[in-house]
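Each remark here refers to the structure printed beneath this line.
The values are calculated or read from the model by the stated rules, or taken from the named source; none is laboratory data. These numbers come from a predicted model, not from an experiment. Heads up, the Cβs are rebuilt from the backbone with ideal geometry, glycines too, and the neighbour counts pull from every protein chain shown. Keep in mind that these areas ignore ligands, DNA and RNA; they rest on the heavy atoms of the full protein, side chains included. Shrake-Rupley method; radii C 1.70, N 1.55, O 1.52, S 1.80 Å.
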Amino acid sequence: MNLDYLDFEQPIAELEAKIEELQLVGNDNALNIADEIIKLRGKSLKLTESIFSGLSSWQIVQVARHPLRPHTKDYIGRLFTEFDELHGDRHFGDDKAIIGGVARLDGKPVMVIGEEKGRGVSEKVARNFGMPKPEGYRKALRLMEMAERFKMPILTLIDTPGAYPGIDSEERGISESIAQNLAVMSRLKTPIIATVIGEGSSGGAIAIGVSDWLNMLQYSTYFVISPEGCANIIWKTAEKAPLAAEAMGVTSSVLEELGIADETIPEPLGGAHRDVDAMAGILQGRLIEQLDRLQREPLDQLVEKRFNRLMSYGSTS
Amino acid sequence: MSWLDKIRPSGLGTKKNDRSTSVPEGLWIKCPRCDALLYRPELERNLHVCPKCDHHLRIGARRRLDIFLDDDNRVELGTDIEPVDRLKFKDIKKYKDRLTAAQKATGEKDALVAMRGALYQQPVVAVAFEFAFHGGSMGYAVGEKFTQAAQLCLKEGLPLVCFSATGGARMQEALISLMQMAKTSAIIERLKQAGIPYISVMTDPVYGGVSASLAMLGDINIAEPGARAGFAGPNIIEQTIRQKLPPGFQRSEFLLDHGSIDMIISRLEMRNTVASLLSKFTNVAEPETVTEVEPESKPAVDEAETEAPSEE
């Protein structure tokens with residue numbers, strides 16, 4: 001089994017393996033092998049299209065958590081220029097689960113804040129698997145308030161399994177740090193665009209998610225409790241997570257319908273990890289356009305709209 | 001990993017702790033902490049605080065507001081707000097049916113009761129979570145009622161007092177519940193900007209999405225003695241870090257030590273302390289408070305009940 005492919009993608013993996021094999025023998029041999037490769041490629045493409053056109057909620061959760069899925073760090077280098085990382089909350093420490101800094105998007109200064117899960121064991125540990133502690137959210141808050149002072153729009157990238165549930169987190173007031181971000185983000189006088197790039201888990205996600213415009217990548221996911229957690233409570237087993245994912249409506253299509261997500265950003269065929277450059281290119285284009293639109297609005301009006309939108313959450317009218 | 005405990009921390013759920021959640025019928029009640037047998041009318045006079053060990057038993061939202069507010073001039077707010085099942089959520093049961101059952105069991109439409117009233121004649125808006133309703137969880141109806149109560153405070157310059165008792169965000173309303181965190185935090189920020197005091201009182205237990213929004217955002221954060229409050233429930237933390245938690249973890253004494261709350265106040269002193277605090281924040285004369293617990297057995301209970309919305 002090829003671990004770069006999820007279980008429901010294994011038929012694609014098998015075709016791709018065949019193609020690779022043929023390519024190896026193909027170098028010194030006859031034309032019909034080249035034909036065969038072309039044929040198989042077409043087949044693989046069709047198969048991918050058909051599998052990805054009907055993904056279940058749970059399959060989307062798996063794509064959102066794919067080990068090869070691009071992370072905040074992968075996007076920062078591709079979306080922006082002149083990124084300068086800024087560190088620390090000025091009170092306790094620097095939380096590497098959140099990356100923040102100033103950069104330029106299409107030449108304009110912006111504040112970038114994103115959750116980073118890390119890649120490889122040592123980086124994952126250093127970044128606490130993308131689970132921020134209070135100092136992470138407080139760093140984000142410091143940078144966001146700074147962005148307001150210097151009239152920089154704020155772009156956040158959401159990708160976390162949740163705020164860190166640990167003793168030190170509680171000791172330093174993880175609840176307060178999240179609540180404070182929610183409160184302050186509701187009134188910051190600068191445009192805020194949030195994008196869920198992978199997994200948006202609950203309080204840990206919304207703590208950098210209050211925004212004027214919320215993007216979700218096509219195969220990203222956003223939930224109040226992980227499907228496993230929900231399944232644990234209801235069915236007393238995490239194995240029912242697929243049912244929980246379906247019931248909670250964790251995908252961009254449902255969240256757009258509920259008026260929570262504003263836009264679904266299409267991903268390359270097979271998911272963002274199949275072509276990171278293309279994904280970043282699409283996202284960059286959308287961010288430039290969205291920012292341009294938001295920056296044309298008077299700031300007071302923008303903040304009032306953001307507030308009214310917050311007030312309307314859940315209303316049926 | 002996740003949020004299991006933030007929704008309803010196991011060990012804090014209604015099943016295990018039924019004894020402390022709802023007062024059973026009968027004249028004698030066993031204190032869940034010291035096991036002392038307590039005479040029910042006496043316990044009620046003592047506001048459900050064990051006279052032997054000072055354990056604060058859980059009380060419902062209406063009782064909470066009843067012992068907090070002056071008897072006169074109470075008006076219940078947001079009685080028309082109903083829970084909404086936007087997702088048509090269904091697991092082993094339909095959410096709709098769960099709601100109906102909770103409504104029947106508690107007589108409430110959802111898990112928050114809001115009242116405009118007075119505290120030693122100072123006008124105030126007070127809201128209280130009903131833990132017996134779906135673990136006091138916050139979905140649309142709770143968020144909306146809290147927000148409307150705060151809007152009234154904003155409009156009329158009234159202080160807001162919130163008594164929370166909750167397992168967190170309500171899973172069955174999924175992202176709509178999560179958004180209530182942002183919504184309630186945003187309206188609290190407006191109160192802050194307008195210089196209107198907001199006092200958050202945490203009563204056992206306060207977890208998850210409510211802790212990470214409205215409960216921790218008070219100008220003054222208060223907890224009852226022994227109340228547990230935190231982001232993640234103890235079980236989920238133990239599973240994550242694979243160690244036993246220190247004794248007293250997430251109890252109000254721990255919260256005070258770590259700077260999360262301003263004070264721990266006994267239920268018997270709550271009315272007086274909050275009144276005294278608010279009088280300074282709103283710069284009116286210190287109210288003449290009554291220190292003893294009112295001796296007569298509560299005609300006020302009935303009064304609150306008659307003011308309840310006609311739900312049946």
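List of remarks:
- All of (1) within 10 Å of another protein chain (Cβ to nearest Cβ); (2) without any contact (Cβ under 8 Å) to a residue 60 or more places away in the chain; (3) in contact with a Gly (Cβ under 8 Å, 6 or more places away or on another chain) hold for A:Gly166 with one exception: (3).
- Residue that is more than 19 Å from B:Ile81 (Cα to Cα) and either out of contact with any Lys or Arg (no Cβ under 6 Å at 6 or more places or on another chain) or not aromatic (Phe, Trp, Tyr) (or both), where the choices are B:Leu178, B:Leu154: B:Leu154
- Subset of the stretch A:115-140 [surrounded by fewer than 23 Cβ atoms within 10 Å (Cβ to Cβ) and closer than 24 Å to A:Gln284 by Cα]: A:Gly118, A:Arg119
- The condition of being away from every other protein chain (no Cβ under 12 Å) and of a type in the set (Gly, Ala, Ser) holds for only one of A:Ala272, A:Ala261, A:Ala238, A:Ala244, that being A:Ala272.
- Unique residue being open to solvent by 40 Å² or more (accessible area, probe 1.4 Å) and more than 26 Å from B:Gln193 (Cβ to Cβ) when the list is B:Asn272, B:Asn283, B:Asn235: B:Asn235
- In the stretch A:209-230, of all residues being of a type outside the set (S, T, N, Q) and more than 9 Å from chain B (Cβ to nearest Cβ), the one that is farthest from A:Gln290 (Cα to Cα) corresponds to A:Tyr219.
- Yes/no for B:Ala232 being at the interface with chain A (Cβ under 8 Å from one of its Cβ atoms) and small (Gly, Ala, Ser): yes
- Search result, residues across the stretch A:218-245 that are assigned to a loop (DSSP other than H, G, I, E, B), open to solvent by 30 Å² or more (accessible area, probe 1.4 Å) and free of Cβ contacts under 8 Å to residues at least 40 places away in the same chain: A:Trp235, A:Lys236, A:Thr237
- When the stretch B:229-283 is filtered for residues that are of a type in the set (D, E, K, R) and over 25 Å from A:Val224 (Cβ atoms), the ones remaining, listed by number, are B:Arg242, B:Lys244, B:Arg251, B:Glu253, B:Asp257, B:Asp262, B:Arg267, B:Glu269, B:Arg271, B:Lys280.
- One residue from A:Glu14, A:Glu49, A:Glu36 being without any contact (Cβ under 8 Å) to a residue 12 or more places away in the chain and more than 24 Å from A:Gly118 (Cα to Cα): A:Glu14
- Residues in the stretch B:239-252 that are in a helix (DSSP H, G or I), more than 7 Å from every other protein chain (Cβ to nearest Cβ) and surrounded by fewer than 18 Cβ atoms within 10 Å (Cβ to Cβ): B:Gln239 only.
- Residue match in the stretch A:308-317 (condition: within 14 Å of chain B (Cβ to nearest Cβ), part of a loop (DSSP other than H, G, I, E, B) and open to solvent by 40 Å² or more (accessible area, probe 1.4 Å)): yes
- The single condition among (1) polar (S, T, N, Q); (2) more than 8 Å from chain B (Cβ to nearest Cβ); (3) open to solvent by 10 Å² or more (accessible area, probe 1.4 Å) that A:Thr190 does not satisfy is (3).
- Which listed residue, of B:Ser213, B:Ser276, is modelled with pLDDT of 95 or more and away from chain A (no Cβ under 12 Å): B:Ser276
- A:Ala261 passes every criterion in (1) modelled with pLDDT of 95 or more; (2) open to solvent by 10 Å² or more (accessible area, probe 1.4 Å) apart from (2).
- For the stretch B:253-288, taking the residues that are β-branched (Val, Ile, Thr) and assigned to a loop (DSSP other than H, G, I, E, B), the one that is farthest from the chain's Cα centre (by Cα) is identified as B:Val284.
- Among the residues listed as B:Ala174, B:Ala227, the single one being among the small types (Gly, Ala, Ser) and either more than 7 Å from chain A (Cβ to nearest Cβ) or open to solvent by 10 Å² or more (accessible area, probe 1.4 Å) (or both): B:Ala227
- On inspection, A:Gly101 qualifies as surrounded by fewer than 22 Cβ atoms within 10 Å (Cβ to Cβ) and not in a helix (DSSP H, G or I).
- Residue list for the stretch B:177-203, filter: charged (D, E, K, R) and surrounded by fewer than 24 Cβ atoms within 10 Å (Cβ to Cβ): B:Glu189, B:Arg190, B:Lys192
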